[in-house]
Amino acid sequence: LHKLLILLNVALCVVVGKTMVILFPDTTKRYILKLGEKSRMNQNPKFSYENWGPTFFSFQYLLFVLKVKWKRLEDEAYEGHPAPNTPVVALNGDTQHIFSFMRDNRPLILNFGSCT
């Protein structure tokens, strides 16, 4: 049910966005450029709007957003519910899931850190 609702939401956003591109191209371009400022996408002079702007509201955009949002459904944790079995990438590049590290009835402890 969640995936269906996400599909409907994303599809509606893409249809509205595509309609805006057709009816109001300059306004939509300014809006997309504002989004690019927030993510600092347009700070690279070699990566202009023409490189990434037209991909907004395309079929590939729809598929990518759906993939990301559906994947995030699996990653959400709620208090009092079982932990999600999210994928992790080992240092050698292999992808595994957190539960594959569990052994017998021992607790699994995750330690997150960073190094700069």
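The values are calculated or read from the model by the stated rules, or taken from the named source; none is laboratory data. Computed from a predicted model, the values in this text were never measured in an experiment. Don't worry about glycine lacking a Cβ; one is built from the backbone with ideal geometry, like all the others, and counts go over all protein chains shown. Remember, those area values only see protein heavy atoms, side chains included, never the ligands or the DNA or RNA. Shrake-Rupley method; radii C 1.70, N 1.55, O 1.52, S 1.80 Å.
Of all residues in segment 88-116, none that is closer than 22 Å to LYS71 by Cα has its Cβ atom under 6 Å from the Cβ atom of a residue that is open to solvent by 100 Å² or more (accessible area, probe 1.4 Å) and modelled with pLDDT of 85 or more, 6 or more apart or on another chain. Can you tell me which residues in segment 60-73 are touching a helix residue (DSSP H, G or I) at 6+ places or on another chain (Cβ under 8 Å) and at pLDDT 85 or above? TYR61, LEU62, VAL65, LEU66, LYS69, listed by residue number.
The residues of segment 26-43 that are open to solvent by less than 80 Å² (accessible area, probe 1.4 Å) and at pLDDT below 90, listed by number, are THR28, LYS29, ILE32, LEU33, LEU35, GLY36, SER39, MET41, ASN42.
Within segment 94-108, the residues that satisfy the criterion of being over 26 Å from the mean Cα position of the chain (by Cα) and farther than 15 Å from ALA83 by Cα are ARG103, ASP104, ASN105, ARG106. Flag not set for PHE47, criterion: surrounded by 10 or more Cβ atoms within 10 Å (Cβ to Cβ) and touching a residue at least 40 places away in the same chain (Cβ under 8 Å).
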